[in-house]
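**Q** I am attaching a structure below and will ask some questions about it afterwards.
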Amino acid sequence: MAEASRAGEWEVAVGGLSRSELKSELAAQGIVLNPHAETLLDDAIFDEHGAAQAVVLAERTVADLGLADGATLPEIYEAAQRLGLRLCSADTAPYLRLALSQQAAAPDSVMSSGRAPAGALTVAAEPLSDDIEYPKGFYLRVVDDQAWLRGYRCDDEHVWSPEDRFVFRVPTPAA
């Protein structure tokens, strides 16, 4: 379960499940996947299932990062880093989807339109492939009371809107 530490921040346990256990848990919770999400979940990164680790995640809009006119993914990631935020591990999104049961429903049901869908939380992570045809990453969305874990594709030239929402990892001080 995701523990809310501040508005737009969560502590989430990431890892600890094998790929098949993770897929089974997503299915058991009724989370719907699109084909891009299935492709990402088939990546070898999900074979590396060490012990679960607690991470703190923070939601920020592109505008929150100081990019009031929108920006490309490389610009978004660079701005987040300047603000002390970090990219999530590639396997963060499915665990956040499992933990985030209270995500607000999207205002529309449009699933793909060449832009981030309304209500989407895009998990900021390094892409698993340089191939622009391979899904870039995951986003979370609730449509018609149905929780989704969706993969998406875009290139480094795509400009995200100022209101698009991303999830980053908040560094925690070493214990």
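None of the figures in this text is laboratory data; all of them are computed from the coordinates on show. In this text, all values refer to a predicted model and were calculated from it rather than measured experimentally. Heads up, the Cβs are rebuilt from the backbone with ideal geometry, glycines too, and the neighbour counts pull from every protein chain shown.
**Q** Taking the Cα centre of the stretch 3-170 as origin, work out the dipole magnitude from +1 charges on Lys and Arg Cβ and -1 charges on Asp and Glu Cβ, in debye rounded to 20.
**A** For this selection, approximately 400 debye.
**Q** Under the classification rounded if a/c is under 1.5, otherwise prolate if a/b is larger than b/c and oblate if not, where does the stretch 13-97 fall, given a ≥ b ≥ c as square roots of the Cα gyration tensor eigenvalues?
**A** Since a/c reaches 1.5 and a/b is larger than b/c, the shape of the stretch 13-97 is classed as prolate.
**Q** Counting pairwise Cα distances across the stretch 3-170, what percent come out greater than 25 angstrom?
**A** 25
**Q** Let me ask something else. If the elastic network links every pair of Cα atoms under 10 Å, which of 63, 125, 147 fluctuates the most in the Gaussian network model of the chain?
**A** 63
**Q** In whole angstrom, note down how far apart the Cα centers of the stretch 14-93 and the stretch 120-175 are.
**A** The stretch 14-93 and the stretch 120-175 have Cα centres spaced 6 Å from each other.
**Q** Roughly what % of DSSP beta bridges within the stretch 3-170 run antiparallel, to the nearest 5?
**A** 80
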